[in-house]
1. Using the structure shown, decide if L196 is in contact (Cβ under 8 Å) with a residue 12 or more places away in the chain, more than 24 Å from V109 (Cβ to Cβ) and not polar (S, T, N, Q).
2. Only one of (1) in contact with a strand residue (DSSP E or B) (Cβ under 8 Å, 6 or more places away or on another chain); (2) under 30 Å from D333 (Cβ atoms); (3) crowded, with 20+ Cβ neighbours inside 10 Å fails for N168. Which number is that?
3. Just need a number here: residues in the range 216-247 that are closer than 18 Å to W381 by Cα, among the hydrophobic types (A, V, I, L, M, F, W, C) and surrounded by fewer than 22 Cβ atoms within 10 Å (Cβ to Cβ).
4. Could you tell me which residue of the range 339-352 is nearest to Q302 (Cα to Cα), considering only residues that are aliphatic (A, V, I, L, M) and surrounded by 21 or more Cβ atoms within 10 Å (Cβ to Cβ)?
5. Specify the residue that is nearest to the chain's Cα centre (by Cα); the eligible residues are those in the range 287-309 that are of a type in the set (D, E, K, R) and closer than 20 Å to L275 by Cα.
6. Any idea how many residues of the range 314-338 are assigned to a helix (DSSP H, G or I) and either in contact (Cβ under 8 Å) with a residue 40 or more places away in the chain or within 11 Å of A303 (Cα to Cα) (or both)?
7. Give the range 269-298 a look and list any residue that's in a loop (DSSP other than H, G, I, E, B) and either more than 17 Å from G350 (Cα to Cα) or free of Cβ contacts under 8 Å to residues at least 24 places away in the same chain (or both), or say none.
8. Look at the range 74-98 and say how many of its residues are crowded, with 18+ Cβ neighbours inside 10 Å, at pLDDT below 95 and out of contact with any strand residue (DSSP E or B) (no Cβ under 9 Å at 6 or more places or on another chain).
Amino acid sequence: DPITLIDPSGNSPENTGNPPRMSGPNASPSYDPCYLPEVTTQDLAEGLDPIANRHLNEMNDACNYTMTRYFEPSGDMVDELGTGGKTINIDNGKYTVTYGFDKDGKFTVKVRDSNGKETPESRMIQSSLREALGRLNDEKFFEGFDDDDYKNFMDGFINEFNDYAKKNFKNYKRVVKYDNRFGGSKALGTFVKHSLLGYAIKTRMQKYKAPWYLSRKWTEDLNQFDMDIGFWTSFWIEASGLEIDLFRDGDSTTVTDSTVLSGLDLANIAKAMMLQESIMGNADGWDEYDDDLNIGLMQIHQAGLDDEGQSHWSMDSTSYAPFANSISDGFKDILKGSNSAYLDSFINVGIGIGELFAKLTVFTKYPYKSGKRNAPTYNQWLIAVQAYNGAESGWNNRGPYAGLIQSIFEKGVKVVSWKMFTWHIRVFTP
(Lines give C-alpha, C1' and ligand atoms only; values in the text may rest on other atoms or scores of the structure.)
Protein backbone atom coordinates (compact mmCIF):
# COMPACT_ATOMS: atom_id res chain seq x y z
CA ASP A 1 0.00 0.00 0.00
CA PRO A 2 1.84 3.15 -1.15
CA ILE A 3 -0.29 5.36 1.11
CA THR A 4 0.91 3.39 4.13
CA LEU A 5 4.47 4.22 3.20
CA ILE A 6 3.81 7.96 3.36
CA ASP A 7 1.16 7.79 6.10
CA PRO A 8 2.05 4.99 8.51
CA SER A 9 -0.43 6.36 11.06
CA GLY A 10 -3.26 5.31 8.77
CA ASN A 11 -5.00 8.66 8.83
CA SER A 12 -5.07 9.34 5.09
CA PRO A 13 -8.53 9.08 3.51
CA GLU A 14 -6.84 7.19 0.64
CA ASN A 15 -5.46 4.52 2.96
CA THR A 16 -6.47 1.05 1.72
CA GLY A 17 -6.67 -0.57 5.11
CA ASN A 18 -3.14 -1.80 5.73
CA PRO A 19 -2.83 -0.80 8.53
CA PRO A 20 -6.55 -0.22 9.17
CA ARG A 21 -7.60 3.35 8.58
CA MET A 22 -7.54 5.51 11.72
CA SER A 23 -5.86 2.73 13.68
CA GLY A 24 -2.74 4.78 14.38
CA PRO A 25 -1.94 6.87 17.42
CA ASN A 26 -4.04 9.77 16.09
CA ALA A 27 -7.23 7.73 15.95
CA SER A 28 -8.69 9.27 19.09
CA PRO A 29 -9.88 12.89 19.12
CA SER A 30 -8.51 13.11 22.64
CA TYR A 31 -5.09 12.72 21.05
CA ASP A 32 -5.63 14.99 18.05
CA PRO A 33 -8.83 17.07 18.03
CA CYS A 34 -7.98 18.41 14.58
CA TYR A 35 -8.79 15.24 12.67
CA LEU A 36 -11.88 15.09 10.47
CA PRO A 37 -14.36 12.50 11.78
CA GLU A 38 -15.41 9.84 9.31
CA VAL A 39 -18.77 10.39 7.63
CA THR A 40 -20.29 7.34 5.98
CA THR A 41 -22.94 7.20 3.27
CA GLN A 42 -25.27 5.82 5.94
CA ASP A 43 -24.64 8.92 8.06
CA LEU A 44 -25.57 11.11 5.11
CA ALA A 45 -28.66 9.03 4.39
CA GLU A 46 -29.76 9.55 7.98
CA GLY A 47 -29.41 13.30 7.60
CA LEU A 48 -26.12 13.95 9.40
CA ASP A 49 -24.70 17.30 8.40
CA PRO A 50 -20.93 16.89 8.80
CA ILE A 51 -20.35 20.66 8.68
CA ALA A 52 -22.80 21.39 11.48
CA ASN A 53 -21.60 18.42 13.52
CA ARG A 54 -20.70 19.54 17.02
CA HIS A 55 -17.37 17.74 16.95
CA LEU A 56 -16.28 19.86 14.00
CA ASN A 57 -17.20 23.00 15.91
CA GLU A 58 -15.10 21.83 18.82
CA MET A 59 -12.32 20.99 16.37
CA ASN A 60 -12.31 24.58 15.10
CA ASP A 61 -11.63 25.93 18.56
CA ALA A 62 -9.00 23.33 19.40
CA CYS A 63 -7.16 23.96 16.15
CA ASN A 64 -7.39 27.73 16.67
CA TYR A 65 -9.11 28.61 13.44
CA THR A 66 -12.60 29.54 12.37
CA MET A 67 -14.67 28.26 9.50
CA THR A 68 -15.33 30.90 6.86
CA ARG A 69 -18.72 30.94 5.21
CA TYR A 70 -18.53 30.39 1.49
CA PHE A 71 -20.26 32.61 -1.05
CA GLU A 72 -20.03 31.74 -4.73
CA PRO A 73 -17.95 34.46 -6.44
CA SER A 74 -19.38 36.10 -9.52
CA GLY A 75 -18.01 34.52 -12.69
CA ASP A 76 -16.29 35.51 -15.92
CA MET A 77 -17.92 38.34 -17.81
CA VAL A 78 -19.98 37.31 -20.84
CA ASP A 79 -22.01 40.51 -21.25
CA GLU A 80 -20.25 43.85 -20.77
CA LEU A 81 -22.16 46.75 -19.27
CA GLY A 82 -21.44 49.89 -21.29
CA THR A 83 -18.04 50.64 -22.75
CA GLY A 84 -14.65 51.46 -21.31
CA GLY A 85 -13.98 51.15 -17.60
CA LYS A 86 -12.88 52.85 -14.40
CA THR A 87 -9.33 52.91 -13.08
CA ILE A 88 -8.40 51.55 -9.66
CA ASN A 89 -5.21 52.96 -8.17
CA ILE A 90 -3.51 51.02 -5.41
CA ASP A 91 0.04 50.25 -4.31
CA ASN A 92 1.59 52.21 -7.20
CA GLY A 93 -0.44 50.26 -9.76
CA LYS A 94 -3.27 51.27 -12.09
CA TYR A 95 -5.91 48.73 -13.10
CA THR A 96 -8.88 49.08 -15.43
CA VAL A 97 -12.15 47.65 -14.13
CA THR A 98 -14.99 46.93 -16.55
CA TYR A 99 -18.45 45.85 -15.43
CA GLY A 100 -20.90 43.31 -16.76
CA PHE A 101 -22.68 40.06 -16.08
CA ASP A 102 -21.62 36.42 -15.90
CA LYS A 103 -23.36 33.47 -17.56
CA ASP A 104 -25.86 33.29 -14.68
CA GLY A 105 -26.78 36.95 -15.03
CA LYS A 106 -24.95 38.00 -11.87
CA PHE A 107 -23.12 41.31 -11.74
CA THR A 108 -19.35 40.85 -12.16
CA VAL A 109 -16.17 42.65 -13.17
CA LYS A 110 -13.06 42.19 -15.29
CA VAL A 111 -9.72 43.71 -14.22
CA ARG A 112 -6.62 44.31 -16.35
CA ASP A 113 -3.48 46.36 -15.83
CA SER A 114 -2.90 49.71 -17.52
CA ASN A 115 -1.67 47.88 -20.64
CA GLY A 116 -4.78 45.74 -20.90
CA LYS A 117 -2.98 42.61 -19.70
CA GLU A 118 -3.57 40.15 -16.90
CA THR A 119 -0.99 40.22 -14.13
CA PRO A 120 -0.85 38.51 -10.72
CA GLU A 121 -2.01 41.78 -9.17
CA SER A 122 -4.88 42.33 -11.60
CA ARG A 123 -6.03 38.75 -11.06
CA MET A 124 -5.96 39.20 -7.29
CA ILE A 125 -7.98 42.42 -7.49
CA GLN A 126 -10.41 40.77 -9.90
CA SER A 127 -10.91 37.67 -7.75
CA SER A 128 -11.35 39.81 -4.60
CA LEU A 129 -13.92 42.04 -6.23
CA ARG A 130 -15.74 38.99 -7.58
CA GLU A 131 -15.71 37.37 -4.15
CA ALA A 132 -17.27 40.49 -2.63
CA LEU A 133 -19.79 40.79 -5.48
CA GLY A 134 -20.65 37.11 -5.04
CA ARG A 135 -21.58 37.76 -1.44
CA LEU A 136 -23.59 40.85 -2.34
CA ASN A 137 -25.36 38.90 -5.08
CA ASP A 138 -26.16 36.04 -2.67
CA GLU A 139 -27.46 38.47 -0.05
CA LYS A 140 -29.71 40.11 -2.68
CA PHE A 141 -28.03 43.48 -2.24
CA PHE A 142 -28.56 44.22 -5.94
CA GLU A 143 -32.23 43.27 -5.98
CA GLY A 144 -34.13 45.81 -8.08
CA PHE A 145 -30.97 47.28 -9.66
CA ASP A 146 -31.02 48.29 -13.31
CA ASP A 147 -27.95 48.86 -15.51
CA ASP A 148 -27.55 52.46 -14.33
CA ASP A 149 -27.77 51.39 -10.68
CA TYR A 150 -24.99 48.82 -11.13
CA LYS A 151 -22.79 51.35 -12.93
CA ASN A 152 -23.41 54.10 -10.39
CA PHE A 153 -22.66 51.74 -7.50
CA MET A 154 -19.32 50.62 -8.91
CA ASP A 155 -18.36 54.10 -10.10
CA GLY A 156 -19.07 55.43 -6.63
CA PHE A 157 -17.05 52.66 -5.03
CA ILE A 158 -13.99 53.16 -7.24
CA ASN A 159 -14.07 56.92 -6.78
CA GLU A 160 -14.04 56.47 -3.03
CA PHE A 161 -11.66 53.51 -3.05
CA ASN A 162 -8.83 55.34 -4.79
CA ASP A 163 -8.58 57.95 -2.05
CA TYR A 164 -9.25 55.37 0.67
CA ALA A 165 -6.49 53.05 -0.53
CA LYS A 166 -4.00 55.90 -0.87
CA LYS A 167 -4.66 56.90 2.73
CA ASN A 168 -5.00 53.50 4.39
CA PHE A 169 -3.55 50.55 2.46
CA LYS A 170 -0.04 51.00 3.85
CA ASN A 171 -1.37 50.92 7.42
CA TYR A 172 -3.61 47.98 6.61
CA LYS A 173 -0.60 45.92 5.53
CA ARG A 174 1.05 46.72 8.85
CA VAL A 175 -2.08 45.81 10.82
CA VAL A 176 -2.42 42.35 9.23
CA LYS A 177 1.25 41.48 8.76
CA TYR A 178 1.21 38.86 11.53
CA ASP A 179 -2.02 37.21 10.36
CA ASN A 180 -1.77 34.64 7.58
CA ARG A 181 -5.49 34.93 6.80
CA PHE A 182 -5.22 38.55 5.71
CA GLY A 183 -1.58 39.61 5.50
CA GLY A 184 1.44 39.03 3.31
CA SER A 185 0.56 38.15 -0.27
CA LYS A 186 -3.15 38.24 0.67
CA ALA A 187 -3.14 41.86 1.88
CA LEU A 188 -3.99 43.41 -1.49
CA GLY A 189 -6.93 41.10 -2.06
CA THR A 190 -8.38 41.26 1.44
CA PHE A 191 -8.14 45.05 1.49
CA VAL A 192 -9.96 45.31 -1.83
CA LYS A 193 -12.65 42.83 -0.77
CA HIS A 194 -13.48 44.49 2.53
CA SER A 195 -13.35 47.92 0.94
CA LEU A 196 -16.10 46.90 -1.49
CA LEU A 197 -18.19 45.16 1.18
CA GLY A 198 -17.63 48.09 3.53
CA TYR A 199 -18.72 50.51 0.83
CA ALA A 200 -21.91 48.51 0.29
CA ILE A 201 -22.62 48.72 4.03
CA LYS A 202 -21.83 52.45 4.02
CA THR A 203 -24.42 53.15 1.31
CA ARG A 204 -27.19 51.84 3.59
CA MET A 205 -26.06 53.12 6.98
CA GLN A 206 -28.11 55.55 9.04
CA LYS A 207 -27.27 59.11 8.01
CA TYR A 208 -26.89 61.65 10.80
CA LYS A 209 -27.51 65.38 10.66
CA ALA A 210 -26.70 67.87 13.39
CA PRO A 211 -29.77 69.80 14.55
CA TRP A 212 -29.80 73.44 13.53
CA TYR A 213 -29.11 74.69 17.04
CA LEU A 214 -25.82 72.72 17.15
CA SER A 215 -24.69 73.41 13.58
CA ARG A 216 -22.07 75.92 14.74
CA LYS A 217 -20.67 73.61 17.43
CA TRP A 218 -20.84 70.29 15.57
CA THR A 219 -18.92 71.44 12.52
CA GLU A 220 -17.41 68.03 11.67
CA ASP A 221 -19.46 65.89 9.24
CA LEU A 222 -21.28 63.23 11.26
CA ASN A 223 -21.14 60.74 8.35
CA GLN A 224 -17.53 61.15 7.26
CA PHE A 225 -16.29 57.95 8.93
CA ASP A 226 -18.96 55.61 7.53
CA MET A 227 -16.45 53.97 5.17
CA ASP A 228 -14.11 53.14 8.05
CA ILE A 229 -17.02 51.70 10.02
CA GLY A 230 -18.25 49.63 7.06
CA PHE A 231 -14.76 48.35 6.22
CA TRP A 232 -13.92 47.20 9.74
CA THR A 233 -17.37 45.73 10.36
CA SER A 234 -16.95 43.53 7.29
CA PHE A 235 -13.36 42.69 8.25
CA TRP A 236 -14.14 41.66 11.83
CA ILE A 237 -17.09 39.53 10.74
CA GLU A 238 -14.70 37.48 8.63
CA ALA A 239 -11.89 37.51 11.19
CA SER A 240 -14.17 36.27 13.98
CA GLY A 241 -15.80 33.62 11.80
CA LEU A 242 -19.25 34.63 13.08
CA GLU A 243 -21.98 33.68 10.63
CA ILE A 244 -23.37 37.18 10.33
CA ASP A 245 -25.22 38.27 7.20
CA LEU A 246 -24.25 41.72 6.02
CA PHE A 247 -27.90 42.62 5.52
CA ARG A 248 -31.23 41.35 6.82
CA ASP A 249 -34.78 41.78 5.60
CA GLY A 250 -35.92 45.29 6.42
CA ASP A 251 -32.85 46.27 8.44
CA SER A 252 -35.20 48.58 10.32
CA THR A 253 -34.54 49.92 13.78
CA THR A 254 -37.50 47.91 15.08
CA VAL A 255 -35.67 45.13 16.89
CA THR A 256 -36.21 42.88 19.88
CA ASP A 257 -33.67 41.34 22.22
CA SER A 258 -33.79 38.11 20.21
CA THR A 259 -33.31 39.75 16.79
CA VAL A 260 -30.26 38.35 15.01
CA LEU A 261 -28.30 41.39 13.91
CA SER A 262 -26.73 41.95 10.51
CA GLY A 263 -23.45 43.59 9.61
CA LEU A 264 -25.39 46.74 8.72
CA ASP A 265 -26.96 46.71 12.19
CA LEU A 266 -23.51 46.38 13.77
CA ALA A 267 -22.16 49.22 11.65
CA ASN A 268 -25.02 51.43 12.81
CA ILE A 269 -24.37 50.43 16.44
CA ALA A 270 -20.66 51.24 16.03
CA LYS A 271 -21.63 54.60 14.53
CA ALA A 272 -23.91 55.26 17.51
CA MET A 273 -20.99 54.44 19.80
CA MET A 274 -18.78 56.92 17.96
CA LEU A 275 -21.46 59.58 18.33
CA GLN A 276 -21.64 58.85 22.03
CA GLU A 277 -17.87 58.70 22.53
CA SER A 278 -16.62 61.67 20.48
CA ILE A 279 -19.51 63.06 18.38
CA MET A 280 -17.34 62.18 15.37
CA GLY A 281 -14.59 64.49 16.57
CA ASN A 282 -16.87 67.34 17.67
CA ALA A 283 -16.63 66.67 21.40
CA ASP A 284 -14.23 68.71 23.51
CA GLY A 285 -11.06 66.79 24.34
CA TRP A 286 -11.77 63.84 22.05
CA ASP A 287 -8.20 64.01 20.71
CA GLU A 288 -6.56 63.95 24.13
CA TYR A 289 -6.28 61.16 26.70
CA ASP A 290 -8.98 61.28 29.34
CA ASP A 291 -8.38 60.27 32.96
CA ASP A 292 -8.81 56.60 32.01
CA LEU A 293 -6.35 56.85 29.10
CA ASN A 294 -9.02 56.63 26.41
CA ILE A 295 -8.60 58.63 23.22
CA GLY A 296 -9.89 59.21 19.71
CA LEU A 297 -13.10 58.78 17.77
CA MET A 298 -14.03 55.51 19.50
CA GLN A 299 -12.25 56.45 22.74
CA ILE A 300 -10.04 53.35 22.64
CA HIS A 301 -7.81 52.60 25.61
CA GLN A 302 -4.10 53.19 25.33
CA ALA A 303 -2.35 49.89 24.57
CA GLY A 304 -0.58 48.36 27.53
CA LEU A 305 -1.01 46.31 30.70
CA ASP A 306 -3.05 46.97 33.81
CA ASP A 307 -1.80 46.68 37.41
CA GLU A 308 -2.31 42.92 37.30
CA GLY A 309 -0.26 42.50 34.15
CA GLN A 310 -3.28 41.94 31.90
CA SER A 311 -3.76 43.73 28.60
CA HIS A 312 -6.23 46.59 28.53
CA TRP A 313 -7.50 45.20 25.22
CA SER A 314 -9.89 42.27 25.08
CA MET A 315 -8.49 41.50 21.61
CA ASP A 316 -5.46 40.06 23.40
CA SER A 317 -7.42 37.30 25.16
CA THR A 318 -5.84 34.06 23.95
CA SER A 319 -8.68 31.99 25.44
CA TYR A 320 -11.75 33.93 24.32
CA ALA A 321 -10.66 36.11 21.37
CA PRO A 322 -7.93 34.15 19.55
CA PHE A 323 -9.24 35.45 16.22
CA ALA A 324 -8.00 38.93 17.14
CA ASN A 325 -4.60 38.27 18.73
CA SER A 326 -2.32 38.65 15.71
CA ILE A 327 -4.29 41.61 14.39
CA SER A 328 -4.01 43.29 17.78
CA ASP A 329 -0.25 42.84 17.57
CA GLY A 330 -0.23 44.64 14.24
CA PHE A 331 -2.19 47.56 15.64
CA LYS A 332 0.17 47.82 18.61
CA ASP A 333 3.19 47.92 16.30
CA ILE A 334 1.71 50.96 14.56
CA LEU A 335 0.89 52.68 17.85
CA LYS A 336 4.33 52.26 19.41
CA GLY A 337 5.77 55.68 20.13
CA SER A 338 3.11 57.45 18.06
CA ASN A 339 0.26 59.17 19.86
CA SER A 340 -0.92 60.61 16.55
CA ALA A 341 -1.67 57.10 15.28
CA TYR A 342 -4.40 56.82 17.91
CA LEU A 343 -6.18 59.70 16.15
CA ASP A 344 -6.06 58.11 12.69
CA SER A 345 -9.66 57.19 11.89
CA PHE A 346 -8.76 53.94 10.11
CA ILE A 347 -6.68 52.75 13.09
CA ASN A 348 -8.98 54.01 15.85
CA VAL A 349 -12.14 52.61 14.30
CA GLY A 350 -10.45 49.30 13.50
CA ILE A 351 -9.42 48.87 17.13
CA GLY A 352 -12.77 50.07 18.43
CA ILE A 353 -14.85 47.63 16.38
CA GLY A 354 -12.33 44.85 17.04
CA GLU A 355 -12.75 45.49 20.75
CA LEU A 356 -16.53 45.32 20.40
CA PHE A 357 -16.25 41.87 18.78
CA ALA A 358 -13.80 40.77 21.48
CA LYS A 359 -16.10 42.06 24.24
CA LEU A 360 -18.79 39.80 22.80
CA THR A 361 -16.63 36.69 23.10
CA VAL A 362 -14.94 37.65 26.39
CA PHE A 363 -17.62 39.32 28.51
CA THR A 364 -20.91 37.73 27.47
CA LYS A 365 -22.30 34.23 27.57
CA TYR A 366 -21.96 33.87 23.82
CA PRO A 367 -20.35 30.40 23.55
CA TYR A 368 -17.51 31.30 21.18
CA LYS A 369 -14.95 29.26 23.09
CA SER A 370 -17.06 26.11 22.74
CA GLY A 371 -17.07 26.52 18.97
CA LYS A 372 -20.36 28.27 18.27
CA ARG A 373 -20.35 30.76 15.41
CA ASN A 374 -24.04 31.49 14.85
CA ALA A 375 -24.94 35.18 14.48
CA PRO A 376 -25.42 36.81 17.91
CA THR A 377 -28.64 38.48 19.01
CA TYR A 378 -29.33 42.12 19.78
CA ASN A 379 -29.26 41.39 23.51
CA GLN A 380 -25.83 39.73 23.26
CA TRP A 381 -24.43 42.68 21.32
CA LEU A 382 -25.86 45.18 23.83
CA ILE A 383 -24.08 43.33 26.63
CA ALA A 384 -20.88 43.64 24.59
CA VAL A 385 -21.59 47.35 24.08
CA GLN A 386 -21.93 47.80 27.83
CA ALA A 387 -18.67 45.94 28.40
CA TYR A 388 -17.00 48.30 25.90
CA ASN A 389 -17.76 51.16 28.25
CA GLY A 390 -17.16 49.16 31.41
CA ALA A 391 -19.15 46.36 32.99
CA GLU A 392 -20.36 48.32 36.01
CA SER A 393 -23.56 46.29 36.03
CA GLY A 394 -21.66 43.02 36.35
CA TRP A 395 -20.56 40.41 33.87
CA ASN A 396 -23.04 39.51 31.13
CA ASN A 397 -25.43 42.37 31.94
CA ARG A 398 -26.60 45.51 30.22
CA GLY A 399 -26.30 48.90 31.84
CA PRO A 400 -26.80 52.64 31.31
CA TYR A 401 -24.26 52.94 28.49
CA ALA A 402 -26.00 50.24 26.43
CA GLY A 403 -29.24 52.18 26.93
CA LEU A 404 -27.66 55.33 25.49
CA ILE A 405 -26.52 53.41 22.40
CA GLN A 406 -29.98 51.84 22.06
CA SER A 407 -31.55 55.28 22.01
CA ILE A 408 -29.33 56.44 19.15
CA PHE A 409 -29.58 53.21 17.15
CA GLU A 410 -33.34 52.67 17.53
CA LYS A 411 -34.67 56.23 17.83
CA GLY A 412 -31.99 58.50 16.41
CA VAL A 413 -31.81 60.35 19.72
CA LYS A 414 -28.64 61.13 21.68
CA VAL A 415 -29.45 61.62 25.37
CA VAL A 416 -27.27 64.14 27.21
CA SER A 417 -27.54 64.63 30.96
CA TRP A 418 -25.91 67.33 33.06
CA LYS A 419 -26.74 67.83 36.72
CA MET A 420 -30.55 67.97 36.89
CA PHE A 421 -31.05 68.59 33.18
CA THR A 422 -31.52 66.17 30.28
CA TRP A 423 -31.49 66.95 26.56
CA HIS A 424 -32.69 64.74 23.71
CA ILE A 425 -30.75 65.53 20.54
CA ARG A 426 -32.20 64.03 17.36
CA VAL A 427 -29.64 63.12 14.67
CA PHE A 428 -31.90 61.10 12.37
CA THR A 429 -35.53 60.02 12.12
CA PRO A 430 -36.07 56.23 11.83
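The values are calculated or read from the model by the stated rules, or taken from the named source; none is laboratory data. What you are looking at is a predicted structure, and each value in this text was computed from that prediction instead of being measured. No Cβ is skipped: glycine too gets one built from the backbone with ideal geometry, and neighbour counts run over all protein chains shown.
1. Judged against the criteria, L196 is not a match.
2. Looking at each condition in turn, N168 falls short on (1).
3. Step one: of the range 216-247, the residues closer than 18 Å to W381 by Cα are 229-230, 232-247.
When the remaining residues are screened for being among the hydrophobic types (A, V, I, L, M, F, W, C), the result is 229, 232, 235-237, 239, 242, 244, 246-247.
The next check asks that each one be surrounded by fewer than 22 Cβ atoms within 10 Å (Cβ to Cβ); those that pass are 247.
Residues meeting the conditions: 1.
4. Among those that are aliphatic (A, V, I, L, M) and surrounded by 21 or more Cβ atoms within 10 Å (Cβ to Cβ), it is I351.
5. Narrowing the range 287-309 to residues of a type in the set (D, E, K, R): 287-288, 290-292, 306-308.
Add one more test, that the residue is closer than 20 Å to L275 by Cα, and what stays is 287-288, 290-292.
Values: D287: 25, E288: 27, D290: 28, D291: 30, D292: 27 Å.
The qualifying residue nearest to the chain's Cα centre (by Cα) is D287.
6. So the first thing to find is which residues in the range 314-338 are assigned to a helix (DSSP H, G or I), and the list is 314-316, 322-335.
Remaining after also requiring either in contact (Cβ under 8 Å) with a residue 40 or more places away in the chain or within 11 Å of A303 (Cα to Cα) (or both): 314-316, 322-324, 326-335.
Within the range 314-338, residues that are assigned to a helix (DSSP H, G or I) and either in contact (Cβ under 8 Å) with a residue 40 or more places away in the chain or within 11 Å of A303 (Cα to Cα) (or both) number 16.
7. N282, A283, D284, G285, W286, E288, Y289, D290, D291, D292, L293, listed by residue number.
8. Here the count works out to 0.
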